[in-house]
Each structure stands twice: as C-alpha cells, then as structure tokens.
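Worksheet: the structure to be examined is printed underneath.
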Amino acid sequence: MDEFDKLLYQGAAQLPPDAARPSPEPPRPWKKPMDRVCLGLALITVTLDFLYLDVILPAVGTVLLWLGLRALRRENGAFRFAYICATLYAALRFAGIVALATPLDHWLAEAVGTEWQTLTGAVPLHAVVRAGVLQLLLALAAAGLWRGLKGVFRKAGQPPKAGSAGAAAIMVFLLFPLACVGLTGWLLVGPLLLIWALLLRSLFKLSRSLDEAGYALSPAPARVSDGGAAALWLCTALAAVIILPLCFARLPVRAETPVYGPSDGQSSLRARLTELGFPEDLLAELSDGDVARFEGAYGVTMKGYRGSGNYPDGIPDITLAEVPVADETYGFRMVYLARLEWDCMDDSHLHFYTEGLRVQPDYHGAFASLDCMEGRLEWEEDGVFHTAPLDLRVNGWLDYTADFSLPAHPDGGRVTGWLFWSGVPSRPTVPYIFNASITCAHRITPWVYPYELASDGVLQNGPGALFPPRNWRTFQDVITCHAAPEGEYTAIG
C-alpha cells in the first residue's frame, strides 16, 4: 500500500457513518396509488381478444383502479366520489362476468328482444346498455380523480397540473359512442390509442409532481389488505368463470307424461298413407293428431330413412317425409315431417351437454306462406313415455332455431325428435323443385366461456365454414324437395 492509499484509508475512517453510505431515496407516497390507477385504466380500456385476455386484463385493471382510489379516498370529497364510482364499476363488471358465464345473458337478450346495429354487425341492446353504464361509471371515476388532484395541488400551494386526468375522463367518455358506431381499423383506432397512451404517461408523472410539492399522503386505513382484497376479487371472478359454465352445461328438460285418448278414427288415413309409401313403423309412432295433418294426401316422398346416412357421433339420424295434400282453397299444400333420432349410448357422456337445431324449410322463397313450425322430443324412462316441447324461434325469414338438452337416462339410449311444418306453394299449378336444410349442433365440451348456445352463431357457422365452431360438432343435411299438384306429383327421393 503506497502513501496515497494510506491517506485515503485513514480519511475514510474519520468520516461519520452516514456519509459513507448513499443517501436514501426520498419517500414517494403518491407513486403506488397513482401507478395503480394508471395501470388499471390502461388494462380496462385496451384489451386483447385472444387467450381470454379480454376477460383477464379488464378484471385485473378493475381491481387495480379500485385499490388505487381506495388509498386516496380520505384526501378529499372528489377522491371519495371516484372511489364510489370505481366500487360500482367493479360490482357491475363482476355481474357481467357472472351473466356471461350463465344463460342469464341470453335470457336478457330474449327479454329485451332488440338489437343495436353497428358497422360490424348487430349487438344485443342490453349488452350496449350495460357497456354504456360501465363506461359512464369509469368516466365519472376519472372525472373524480381529476377534481381530486386539482384540490390536492391547490392545498399544496401549487398550480393545478391535473389536465391529463381531465383529458383522460373526456377520452373515456368518448370511447363509448365510438364503440357504439363500431369503429374499427388501425388507421382510425391507432391514433386514439396513441393519444390515450400519452395521457396515461402524463398521468403517471403527476405522482412525482405531488411528491416534489411536499404534500404528504397518509393512505386511508382498510380492514382488508391490498393483497387480500385483490386476491378475493380476482379469485371470486375466476371461480365464477370456471365453475358457473359447468353448472349450466345442460339446459332444463321440461318432461311431460302425455295421456292419449281414444283413436280419432284415422285408420283409413293410415292405410292410405301406407299405400302411398309411408313406412308403417314410422307411421305407428305418430299420434292420431299427427296423422291428421296428412288428410287429403296423394303422394309421399321419404328422405334418409332409418340409418341411411353416415352421421358423426352426437348427431341425430335424420328422416324427412314430404306429403302433398289436396287443399280446397289453394289446390294443394305441402306437409313435412322430420324425424330425428339420437343414440345416447354412443359417446353417452357427451349427451349431458346442449344441442342445437336450425331448420330452413325454404331456401328460395318457393312458398307463398308457411305455417309456424312445431317440434317436440319423445323418449321412455323407467317404462314411462315422456315428451318435451322444442322451443323453435324464428330468426329472420324462414329460419328456425332451437336450443335444448337431451334427457339424461332414456330407456335404450334413444331419444326421438319430431318437426312438423306445412306451406302453400307460390305456384300451385306448376311442378318445381326446391331445397330445404336441417343443421344439427352437438356440444362436445363441458366448459365454455362466455356461455354459448348453438343459436348464437354455431348453427350459422357450421360445416365447411372458414372458422368452424371450436366447442361443437355440427352437421348439415340439405334436402331436395318436390312440389306438384295432384296427378303430376312423383316421388324423387
């Protein structure tokens, strides 16, 4: 050790202990709550629509915003108002998570029965209203934050520097009408995202300005720690997302035990239908009321009778009967019967989930009018015969859909479905050919989030679609039908 090193060593030993250590960083009490608020706003308003990030990111952002405002709520009335709005926002957000995990969202859509048209398509009106209330609460929370920050700067004797918070409140408010229009495309959305990022960056910097102004912050006391509150909120939301869809994997089956009265004297009509080519075993399954639909029949065409098709697992065997009948007013009308048979013994564990049907009885407008379609399920359980109605809903022009579940334990594993409809041809004097279709959907997974029914688009996005349904197996049977007046009708099946 040379003389210079010795002098340095001796000088260091004479320094006070604190001088040998770097000075600690000054406390920044505003940093944590403001960082949480800014990150929460970022995660809520900018989401990614894959890997369920559209659910995860807003959930995390909601709890961060709430925690940040919870720490500030005792500083002034504006912060307290923002905290109340954030609490209501979190509650409504959780209610939305629960609704999307259950059929409740679909029931609301049916109850409201109105859609909001955007540039990207129709959206259920109740979803638009819910999104509007959420966005309003978020804008009010941001406005409360802005007013609260202005009050804090004034109290610290500093000029207000909360313009970015006010601009953020305005931006949050304006995002809702833009979403209602259906604004898409990076050329339009990109500049808005850039402006939003700059506003949040400026808001981040406000915490440093408050700390430099010397305004001390004493976080409001809370009975539950930040980590405990965040874990409770996120775990409850996660449990709702994971458990509730499993609880509603099946729809209720409204089983009824029918009581049939004496025959209505349809023996002659049954004999006539058998003579025309209607299968006797199929005819034996029909009640007298069903057979009466074919009064005046002069022809029968059968499509896909009894296992003639190669259907995937979970898809019913489809049979169609086409019967022209004489009509005093129109000359003739066409009566149709579709029989669907599910084999629940194959892949029986999958039949605890939901099914879907879509029937398009007239592709090209060949009928002047069509009667409302009727449908039901039939099965035996413990030797007792049961039926359940199929709730067929009309979607647009001549497009019927139904969502249902099959009974859990039918005798022999067989469930039969029946569909009936009839129509008057638009050209009752000219023979012609037209097309109809029956599309079936069979859900193959117990967990789906958001909760999904086949009528939500699965039946429209069926076989051959560019993006086939992920949680469903679908099959479409397109049927060529023939309409002709008596004397000119010949079976083409």
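The values are calculated or read from the model by the stated rules, or taken from the named source; none is laboratory data. Quick caveat: nothing in here was measured; it's all calculated off a predicted structure. Don't worry about glycine lacking a Cβ; one is built from the backbone with ideal geometry, like all the others, and counts go over all protein chains shown.
Collect the residues in the stretch 366-408 that are within 24 Å of residue 476 (Cβ to Cβ) and touching a helix residue (DSSP H, G or I) at 6+ places or on another chain (Cβ under 8 Å), keeping them in residue-number order.
393, 395, 401, 402, 403, 405, 406, listed by residue number.
Going by the conditions given, is residue 328 within 36 Å of the chain's Cα centre (by Cα), surrounded by fewer than 21 Cβ atoms within 10 Å (Cβ to Cβ) and among the acidic types (Asp, Glu)? Show your work before the answer.
Working: within 36 Å of the chain's Cα centre (by Cα): no; surrounded by fewer than 21 Cβ atoms within 10 Å (Cβ to Cβ): yes; among the acidic types (Asp, Glu): yes.
It is false that residue 328 is within 36 Å of the chain's Cα centre (by Cα), surrounded by fewer than 21 Cβ atoms within 10 Å (Cβ to Cβ) and among the acidic types (Asp, Glu).
Looking at 37, 55, can you tell me which residue is assigned to a helix (DSSP H, G or I), modelled with pLDDT under 90, in the same structural domain as residue 172 (by TED's automatic domain parsing) and among the β-branched types (Val, Ile, Thr)?
Working: 37 fails: modelled with pLDDT under 90.
It is 55.
Given the options 149, 125, 104, 108, name the one that is without any contact (Cβ under 8 Å) to a residue 40 or more places away in the chain and in contact with a Pro (Cβ under 9 Å, 6 or more places away or on another chain).
Going through 149, 125, 104, 108 in turn, just one is without any contact (Cβ under 8 Å) to a residue 40 or more places away in the chain and in contact with a Pro (Cβ under 9 Å, 6 or more places away or on another chain): 108.
Residue by residue through the stretch 109-134, note down the ones that are assigned to a helix (DSSP H, G or I), surrounded by fewer than 17 Cβ atoms within 10 Å (Cβ to Cβ) and either outside the structural domain of residue 72 (by TED's automatic domain parsing) or touching a strand residue (DSSP E or B) at 6+ places or on another chain (Cβ under 8 Å) (or both).
Hits for the stretch 109-134 are 112, 125.
Residue under question is residue 240, and the condition is that it be crowded, with 16+ Cβ neighbours inside 10 Å, modelled with pLDDT of 90 or more and touching a helix residue (DSSP H, G or I) at 6+ places or on another chain (Cβ under 9 Å); does it hold?
When the stated conditions are applied, residue 240 passes them.
Residues being among the aromatic types (Phe, Trp, Tyr) and modelled with pLDDT of 90 or more: count how many of those fall in the stretch 96-116.
The total comes to 0.
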